[in-house]
Amino acid sequence: ASHAAEEIQLSVLVVSGSAKTSHCKNCTVPGAARRATDLLNKVGGIISLGGDHTIAVPLLRAINKKCNGPVSLVHFDAHLDTWDTYFGAPYTHGTPFRRAREEGLFLDDASMHVGIRGPLYSRDDIKNDESFGFKIIHCDEFQTEGTDKIAERIRKRVGDNPLYLSIDIDVLDPAFEI
């Protein structure tokens, strides 16, 4: 279903740094989730700018509350971000979608990664990712299939489900790859 622009209220939650949100100094993941939930109770959606994917878990928790359950997840990134830990830490920019899977925050039959090009840390990365339900569109597929076919694959996968869309700058420009 499409919505006229005036029917949709969006708010911007600005995120800066690796684990801090502006307006919320030294926020924890649960603190960021509470703040996002409060914001979503006032508006129709959130656009989160800046920071890294550590913010994805609290935002997904909040949107799950708003939608009364899991949502489709489309993750544009050069990396999977589904590792169990990153340098021994469970909540980092490389682990949010594993934590989200463990909490059942996204629909495993309606979610995907788009633009993946690596790096992988082990052969199990792809197997683990598939077991979480993700489909993967590799960066090379944009050249072989074209953007219209990629967009159609995304639309088919997501369907009419509520959507959490995540875009990491390194999917567009490798100069910003972490």
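The values are calculated or read from the model by the stated rules, or taken from the named source; none is laboratory data. All of these numbers come straight from a predicted model, not from anything done at the bench. Please note: Cβ atoms are built from the backbone with ideal geometry, for glycine as well, and neighbour counts cover all protein chains shown. Ligands, DNA and RNA are stripped out before the accessible areas are found, and what is left, the full protein with its side chains, is counted by its heavy atoms. Shrake-Rupley method; radii C 1.70, N 1.55, O 1.52, S 1.80 Å.
Check whether at least one residue in the stretch 129-142 is polar (S, T, N, Q) and at pLDDT below 95, and report yes or no.
Looking for residues that are polar (S, T, N, Q) and at pLDDT below 95, one finds at least one in the stretch 129-142, hence yes.
Among the residues of the stretch 96-125, those identified as under 20 Å from P174 (Cα atoms), of a type outside the set (G, A, S) and assigned to a loop (DSSP other than H, G, I, E, B) are R117, P119, L120, Y121. Across the stretch 126-144, the qualifying residues are those that are in a loop (DSSP other than H, G, I, E, B) and at negative phi, and the one among them that is surrounded by the most Cβ atoms within 10 Å (Cβ to Cβ) is F134. When every residue of the stretch 1-22 is checked against the conditions, none turns out to be within 17 Å of the chain's Cα centre (by Cα), under 23 Å from I169 (Cβ atoms), modelled with pLDDT of 65 or more and not in a loop (DSSP other than H, G, I, E, B). When the stretch 34-87 is examined, which residues are found to be open to solvent by less than 50 Å² (accessible area, probe 1.4 Å) and β-branched (V, I, T)? Answer for the stretch 34-87, where residues must be open to solvent by less than 50 Å² (accessible area, probe 1.4 Å) and β-branched (V, I, T): T37, V43, I46, T54, I55, V57, I63, V71, V74, T82.
Residues considered: I63, I150. Of these, the only one that is within 17 Å of the chain's Cα centre (by Cα) and either farther than 22 Å from A33 by Cα or part of a helix (DSSP H, G or I) (or both) is I63.
Report, by residue number, each residue of the stretch 135-161 that is touching a residue at least 60 places away in the same chain (Cβ under 8 Å) and either of a type in the set (A, V, I, L, M) or under 19 Å from E102 (Cα atoms) (or both). Scanning the stretch 135-161 gives I154, V158.
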